[in-house]
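Shown next, in structure tokens, is the structure this report addresses.
The values are calculated or read from the model by the stated rules, or taken from the named source; none is laboratory data. What you are looking at is a predicted structure, and each value in this text was computed from that prediction instead of being measured. Cβ coordinates were reconstructed from backbone atoms using ideal geometry, including for glycine residues, and neighbour counts include every protein chain displayed.
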Amino acid sequence: MTQDTPKVESGIIAFLDILGYANFLENNEPEEAAKVILNILLTAPDKMRALNVKIYNEDIEIKTHVEEQLKRFKWLIFSDSILVAFPYTRTATDDTKAHEWMYFLLFISTLYRHLFDNGLPIRGAVTFGNFFIKGQCFAGRTIINAYKMASTLDLAAIALDKQASDELLGLMKKSNMNTAMECVTEYAIPLKDGTSPKRLVVIPSFPLMPTLTVDDLRQVVAESFWKHKKDLTPSVMTKLNNTEMFFRYFKMKSPILFIEK
């Protein structure tokens, strides 16, 4: 490989879209918008790395390993989009790849909740394949596929496409580590075309995150969509309603993640 040859890698991609971002920019003065972007969005990578490492505080060896893994994540934040990539370790075994999926899915879940709690609900897609990322430049069908799928979702959620699901499920069969499956579940996810195909979705919370107060779950979701002076237009209301039902589903499946006042 020459110095000018692009380094193509294989791994996991998430393309995330901040809902209502244009409306947020329209309704806030540049100084106010800049504070939100600087304090919430641009600090998210470091905050999420610290939060994920916290899980392993009692085991220094594992904690160090996780810190090293999280440093390999590639981040791009541009306009209302976030691109997160995690290339496989070049010599990765099936067990290693299964662990890397767990780190990635847990990271994406905590990022989802962090932005949701701060009034920046996101929708997104996770896929798998080859890609090229260097600096602010990127290329690869994998990234385009994630972008296209994310734009079809009619709620704030993160779903896996078929290629990602096949890769993850295949690794779970071949490896001795199934923990990554605790980060996803099957859900009939609403799309803009009116259909609701069943897909694997990233669980929107974990015990390490603050529990969601659910005496009025609709209010919690509405406030995330409303925050930072955003408007609830008819098209946004559909996303809000679908997101509320998404959270209600997980309240039924994992009540430990929710508390009543």
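Key figures
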| item | result |
| --- | --- |
| Residue list for the range 246-261, restricted to those being in contact (Cβ under 8 Å) with a residue 12 or more places away in the chain and surrounded by fewer than 17 Cβ atoms within 10 Å (Cβ to Cβ) | ARG248, TYR249, LYS251, LYS253, SER254, ILE256, ILE259, GLU260, LYS261 |
| Every residue from the range 119-131 that is of a type outside the set (Ser, Thr, Tyr), within 30 Å of ASN241 (Cα to Cα) and part of a strand (DSSP E or B) | ILE122, ARG123, GLY124, ALA125, VAL126, PHE128 |
| Filter result for PHE128 (at pLDDT below 90, farther than 27 Å from VAL236 by Cα and touching a Leu at 6+ places or on another chain (Cβ under 9 Å)) | no |
| Pairs with Cβ under 8 Å, 6+ apart, first in the range 73-84 and touching a residue at least 40 places away in the same chain (Cβ under 8 Å), second part of a strand (DSSP E or B) and surrounded by fewer than 16 Cβ atoms within 10 Å (Cβ to Cβ) | ILE82/TRP75; LEU83/TRP75; VAL84/TRP75 |
| Scan of the range 9-42 for residues that are at pLDDT below 90 and in a loop (DSSP other than H, G, I, E, B), ordered by number | LEU42 |
| Residue in the range 73-88 that is of a type in the set (Lys, Arg), more than 17 Å from the chain's Cα centre (by Cα) and farther than 21 Å from ALA156 by Cα present | no |
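For (1) of a type in the set (Phe, Trp, Tyr); (2) outside any loop (DSSP other than H, G, I, E, B); (3) within 14 Å of the chain's Cα centre (by Cα); (4) modelled with pLDDT under 90, each residue gets a yes or a no:
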position	(1), (2), (3), (4)
GLU58	no, no, no, yes
GLU68	no, yes, no, yes
LEU105	no, yes, yes, no
ILE133	no, yes, no, yes
